[in-house]
1. Taking into account only those residues within segment 340-368 that are part of a strand (DSSP E or B) and of a type in the set (D, E, K, R), which is surrounded by the fewest Cβ atoms within 10 Å (Cβ to Cβ)?
2. Please go through segment 191-213 and pick out each residue that is in a loop (DSSP other than H, G, I, E, B) and within 21 Å of the chain's Cα centre (by Cα).
3. Please tell me if G336 is of a type outside the set (S, T, N, Q) and either under 22 Å from N62 (Cβ atoms) or in contact with a His (Cβ under 6 Å, 6 or more places away or on another chain) (or both).
4. Write out, first by first residue and then by second, each pair whose Cβ atoms fall under 9 Å of each other, whose residues are 6+ apart or on separate chains, and whose first residue, in segment 77-100, is in contact (Cβ under 8 Å) with a residue 60 or more places away in the chain while the second is among the β-branched types (V, I, T).
5. Checking S81 against (1) assigned to a strand (DSSP E or B); (2) of a type outside the set (A, V, I, L, M); (3) crowded, with 16+ Cβ neighbours inside 10 Å; (4) in contact with a Leu (Cβ under 7 Å, 6 or more places away or on another chain), only one condition comes out false. Which one?
6. I'd like the residue in segment 175-189 that is more than 21 Å from the chain's Cα centre (by Cα) and assigned to a loop (DSSP other than H, G, I, E, B) and, out of all such residues, is surrounded by the fewest Cβ atoms within 10 Å (Cβ to Cβ).
7. Could you check how many residues of segment 44-90 are under 24 Å from R325 (Cα atoms) and of a type in the set (D, E, K, R)?
8. Cβ contacts < 7 Å: first residue among the charged types (D, E, K, R), restricted to segment 163-182; second residue surrounded by fewer than 20 Cβ atoms within 10 Å (Cβ to Cβ) and part of a loop (DSSP other than H, G, I, E, B), any location; separation 6+ or different chain. Result?
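The values are calculated or read from the model by the stated rules, or taken from the named source; none is laboratory data. Here the structure is a predicted model, which means the values were calculated and not measured. FYI the Cβ positions are ideal-geometry reconstructions off the backbone, even for glycines, and counts take in every protein chain you see.
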Amino acid sequence: MIERSRRVTLLLAVICLLIPILANAQATIKVNDNINFKFGTLIQAWADSAEIAASPQGYANNLFLRRFRFLVGGQISPTVSFFFETDNPNLGKAPKALGSGFITQDAFVEWKALGASNNAFIVDAGLMLPAVCRNCLESAASLLSLDYGTFSFLESAPTQSSVGRDTGVQAKGYLAGGHFEYRAGVFQGFRRAGSRNAFRTTGRIQYNVWDTETGYVYPGVYLGNKKVLAFGVGADRQNDYKGYSGDAFLSLPVGPTKNAFNGELTLLHWDGGTGFFPTTTPLPRQKDATAQLGYYLSGPKVMPWIRAEKQDFSDASQDPNDNSRWQGGLTWYPAGHNFNVKGAYSHVKPRVGNTTNEYTVQLQFFYY
């Protein structure tokens with residue numbers, strides 16, 4: 001009880017200190033012109049009813065927190081910044097474990113090696129998202145559909161990553177007036193006990209035809225505020241494991257009302273190799289595709305959207321696991337990405353076995 005009382009007192013003290021800052025619409029602590037810190041949170045509450053494939057079929061119903069994140073970022077000099085993010089994902093979902101605790105989601109430092117105003121060569125070091133595909137690098141707070149593509153992080157468990165993140169160092173930069181972006185990294189990857197391990201290497205390039213983009217993660221939807229057409233390719237390798245991606249992204253405002261077409265295509269090729277990964281986390285060779293399309297209506301602040309996916313395994317023995325999926329939904333953005341409500345219907349059709357359906361409602365609060 002004493003420890004809990006101390007925590008409550010500390011929390012109240014922090015809130016009191018932040019009240020003047022929050023009144024200015026940004027939770028930022030400014031030490032001087034060169035040093036500052038800012039704070040944020042992402043809360044996504046889900047009501048979900050998912051059909052179980054096994055016979056007799058039925059529905060598993062859950063009320064849980066899909067994401068509960070605390071974010072901290074800032075800079076200690078004009079050329080050195082940092083980002084830290086923690087998460088308690090799927091809190092309350094069956095099998096229920098409310099005491100599972102937080103994980104470190106992201107934790108890295110960034111150095112602009114050529115100066116504060118020069119983005120041609122930037123170094124990131126720590127725990128971060130390897131640059132495999134655009135959807136893999138999008139913010140969870142601004143995704144076009146309900147969640148990330150089903151196949152965007154299939155390499156996460158085999159490479160011993162955490163929610164797609166891995167520890168390492170990455171160089172990135174923006175050239176050609178910011179239209180050409182590159183990211184190249186060396187990461188820890190899978191570590192096999194008692195033997196030498198090669199590092200995991202990743203690389204991705206992207207070209208923006210119209211408006212440019214910068215930052216650690218991309219928005220999945222611009223809500224009519226930006227005109228973007230981007231094309232990218234990526235690669236991920238470690239020993240005989242390899243992954244490749246190709247992607248395209250569109251944000252096209254229509255007229256003066258800021259209505260907008262939003263689209264994204266992600267093509268992935270995974271090949272776990274010949275036994276490099278342990279048998280408990282295999283990654284069969286496969287080709288996967290995810291296509292998403294939405295149309296944002298700025299008047300009512302809503303966006304109907306649809307997503308279609310296909311998973312095609314290369315080995316004939318895996319053919320029964322081939323499947324197609326589609327998802328349709330509607331998002332209401334009364335306060336943009338800061339507060340919105342998303343409803344979705346999902347359908348999974350395997351080549352062999354029962355089809356399944358899922359109904360989900362998400363309530364999101366985001367501030368950073």
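1. This residue is K349.
2. Our first condition is that a residue be in a loop (DSSP other than H, G, I, E, B); within segment 191-213, this holds for 191-199, 209-213.
Answer for segment 191-213, where residues must be in a loop (DSSP other than H, G, I, E, B) and within 21 Å of the chain's Cα centre (by Cα): T212, E213.
3. Here the answer is no, as G336 does not meet what is asked.
4. These pairs meet every condition: F83/V72; F83/V109; D87/I103; D87/T104; D87/V163; P89/I103; P89/V163.
5. (4)
6. G177
7. Adding up the residues that qualify gives 4.
8. As it stands, the answer is D166/Q188, since those pairs meet every condition given.
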